[in-house]
Amino acid sequence: MSERLWLVVPAAGQGRRMGADRPKQYLPLAGRPVLAHTLARLHGAFPTARLALCLDADDRWFDPAWVPFAHWQRIDGGRERMESVRNALAAIDAAADDLVMVHDVARPCVTVADLQALHLAAGAHPDGALLAMPVADTMKREGGERQSVTTEPRDGLWHALTPQGFRFALLEHALSQAAARGIAVTDDASAVEALGGAPKLVSARRDNLKITHPDDLALAAAILALQAGDGKEE
Ligand SMILES: Nc1ccn([C@@H]2O[C@H](COP(=O)(O)OP(=O)(O)OP(=O)(O)O)[C@@H](O)[C@H]2O)c(=O)n1
Ligand SMILES: C[C@](O)(CO)[C@H](O)COP(=O)(O)O
């Protein structure tokens, strides 16, 4: 059987930093919930992929009508993003060499071209790959009284984005080892790196915004409008 592509979408977060009346993945964005846009982008790139959608077990906002995939399953999310992804890996019937791409539901602006570029890179590199963008600002770490401390030169620093893609066996093992060693990773590549792996950074569009804070929603709407004008929409 030729390798299959699995899309794991962590969508079980509460959106605390957004401070809205519902989880941010259900906030309206250009007439549809954020979640619907993200799934449409993924489907536009990989219409025959299998979707594992991680939702809070008590999610009362979700509507299956927003899922365009023929093959999909709902997964109960965990307390942290890492646990949600692990729950998905435990539930899917994937072969060791199947490719798994993990993409935050909170990133609806990812383009089909970037998704396909990541798919190619993740399949070509044994340690997988992740969309990323080089840091363009001088980075600071907060000191005691919110003093500015510049910890390291920005050359070589990248923002990790999603999707991040890996062979199923590698990702499953990496996250299991991270959990066993009490390493709380905030992205999936960190778990592979913790094993000594070297996922490839794939330079991506800078508009792959993760909707996190209140002003991100208007920004995302503007990005979608610009992408539609450039013919980059789903
Ligand atoms: N237990 C969790 C926590 C987060 N996520 C998902 O992981 C992605 C990135 O997380 P983040 O942007 O932090 O979302 P939230 O956890 O919802 O935001 P906050 O930290 O502000 O509560 C999101 O798509 C979120 O839905 C998840 O599936 N399960
Ligand atoms: C996975 C991620 O989007 C890569 O930048 C990020 O780590 C998610 O962090 P969050 O705190 O769960 O939003």
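Quick notes on this one:
- Check on A189, closer than 23 Å to G13 by Cα, within 11 Å of ligand 2 (Cβ to nearest atom), part of a helix (DSSP H, G or I) and open to solvent by less than 20 Å² (accessible area, probe 1.4 Å): yes
- In segment 1-26, the residues that are on the phi > 0 side of the Ramachandran plot reach residues that are within 8 Å of ligand 1 (Cβ to nearest atom) and aliphatic (A, V, I, L, M) with C-beta atoms within less than 9 angstrom, at least six apart or across chains, in these pairs: G15/A106; G15/I211.
- When we screen G77, G44 for residues that are near ligand 1 (Cβ under 9 Å from one of its atoms) and either of a type in the set (D, E, K, R) or touching a helix residue (DSSP H, G or I) at 6+ places or on another chain (Cβ under 9 Å) (or both), the only hit is G77.
- Pairs linking a residue in segment 167-195 that is free of Cβ contacts under 8 Å to residues at least 24 places away in the same chain to a residue that is within 16 Å of ligand 1 (Cβ to nearest atom), with Cβ atoms under 6 Å and 6 or more positions apart or on different chains, are A174/A191; A194/A178.
- The residues listed here are V105, V34; of these, the one that is surrounded by 18 or more Cβ atoms within 10 Å (Cβ to Cβ), touching a residue at least 12 places away in the same chain (Cβ under 8 Å), within 30 Å of G182 (Cα to Cα) and within 17 Å of the chain's Cα centre (by Cα) is V105.
Here's the yes/no breakdown for (1) modelled with pLDDT of 95 or more; (2) in a loop (DSSP other than H, G, I, E, B); (3) surrounded by fewer than 23 Cβ atoms within 10 Å (Cβ to Cβ):
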| position | (1), (2), (3) |
| --- | --- |
| T38 | yes, no, no |
| C54 | yes, no, no |
| D93 | yes, yes, yes |
| L118 | yes, no, no |
| G123 | yes, no, yes |
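- Test for R60: is it more than 17 Å from the chain's Cα centre (by Cα) and among the basic types (K, R): yes
The values are calculated or read from the model by the stated rules, or taken from the named source; none is laboratory data. All values reported here derive from a predicted model rather than from experimental measurement. Don't worry about glycine lacking a Cβ; one is built from the backbone with ideal geometry, like all the others, and counts go over all protein chains shown. With ligands, DNA and RNA removed, areas are computed over all heavy atoms of the protein, side chains included. Shrake-Rupley method; radii C 1.70, N 1.55, O 1.52, S 1.80 Å.
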